[in-house]
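The values are calculated or read from the model by the stated rules, or taken from the named source; none is laboratory data. From a predicted model like this one, the values you see are computed outputs, not experimental measurements. Heads up, the Cβs are rebuilt from the backbone with ideal geometry, glycines too, and the neighbour counts pull from every protein chain shown.
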Amino acid sequence: MGILNITPDSFSRDGLLLEQLTSEEAVQLAVERAEQMVAAGAHLIDIGGESTRPSTTGAAPLPAEIEQSRVLPVIAALRGRLPSNIVISIDTYKASTAAAALDTGATLVNDIWGLQADPEMAALVAERAVPIVLMSNLRGQPRREPVPDVIRRLASSIELALAAGIPWEHIILDPGFGFGLQATENLQVLSRLGELCALGRPLLVGTSRKSHIGLVLGTPVEDRLEGTAATVTLAIAGGAEMVRVHDVRQMARVVKMTDAVVRGWSETAE
């Protein structure tokens, strides 16, 4: 899954809303970036219009109208440009934005609050019959132990999904690295992904350029490629079926090599 941030303030410094660009130029840049990701090996493109970096946690939520003005033109442009087998994901916790994105061409919802922010999201996803990524978000939540806390949060989101009529097979789980977890806790969760796999649904892991990598290696956000590669390798070895990354070309190679070791490879494989 390649990350496409249509924001001016993403933690990863890859947001595509730059002051010197017009709206049309920003959309064109986003389309070019997405096409590059697909050419490099991305099977999904995750489009978000609101920064979720920790420093914005206390800020007022971005109005849905602004979020939609950022992402909908990009989704519309991509739907006609990308191959039909490429999944366009909308990264939002707002049901109104998710609905508009699905109307425009998105086919998957990635909710960083796991259906626990907007009471209308679960019903929308059930009605539209699309897959949903349920992320564990422990920001502001009572805490005890990182892995059990993540499992409880995910189990709660699964319960909400099933109660709303979302099919079991449409559920994807995300441990939520960096969302209410300290650096050492992120590492603990990464080392114990098998316990999350026991929940019975595919895991999507997003460690790309996260702060725990910077703290361990002492590197700024733009210099965390090797650390991201290490965490992606460990995630796949731990059972993850999808990884959400910024640097698609390099991570696609990491994924392919790790898959060859973990899941097997033959000389006749593509």
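Val254: under 26 Å from Arg143 (Cβ atoms) and either crowded, with 21+ Cβ neighbours inside 10 Å or of a type in the set (A, V, I, L, M) (or both), yes or no? When the stated conditions are applied, Val254 does not pass them. Per the listing Leu190, Leu199, Leu181, the residue uniquely of a type outside the set (Gly, Ala, Ser), within 20 Å of Thr52 (Cα to Cα) and either in a loop (DSSP other than H, G, I, E, B) or within 17 Å of the chain's Cα centre (by Cα) (or both) is Leu181. Assess whether Pro202 counts as being of a type outside the set (Lys, Arg), free of Cβ contacts under 8 Å to residues at least 60 places away in the same chain, closer than 19 Å to Pro131 by Cα and in contact with a Ser or Thr (Cβ under 7 Å, 6 or more places away or on another chain). Here the answer is no, as Pro202 does not meet what is asked.
In the range 243-265, of all residues being outside any helix (DSSP H, G or I) and not hydrophobic (A, V, I, L, M, F, W, C), the one that is nearest to Leu4 (Cα to Cα) corresponds to His246. Scanning the range 145-167 for residues that are out of contact with any Gly (no Cβ under 8 Å at 6 or more places or on another chain), in a helix (DSSP H, G or I) and within 27 Å of Val87 (Cβ to Cβ) gives Ile151, Ala155, Ile158, Glu159, Ala161, Leu162, Ala163, Ala164. Condition check: at pLDDT 95 or above and surrounded by fewer than 23 Cβ atoms within 10 Å (Cβ to Cβ). Does Arg209 satisfy that? Criteria not met by Arg209. Looking across the range 77-100 at every residue that is exposed (fewer than 15 other Cβ atoms within 10 Å of the Cβ) and either polar (S, T, N, Q) or in contact (Cβ under 8 Å) with a residue 12 or more places away in the chain (or both), the one that is farthest from Ala129 (Cα to Cα) is identified as Arg81. Restricting the search to the range 45-71, which residues are at pLDDT 95 or above, under 18 Å from Ile3 (Cβ atoms) and of a type in the set (A, V, I, L, M, F, W, C)? Ile45, Ile47, Val71, listed by residue number. Do we have Leu204 as part of a strand (DSSP E or B) and within 30 Å of Trp168 (Cα to Cα) here? Yes: the conditions hold for Leu204.
Scanning the range 172-190 for residues that are among the polar types (S, T, N, Q) and either under 19 Å from Arg244 (Cβ atoms) or in contact with a Ser or Thr (Cβ under 7 Å, 6 or more places away or on another chain) (or both) turns up just one, Asn186.
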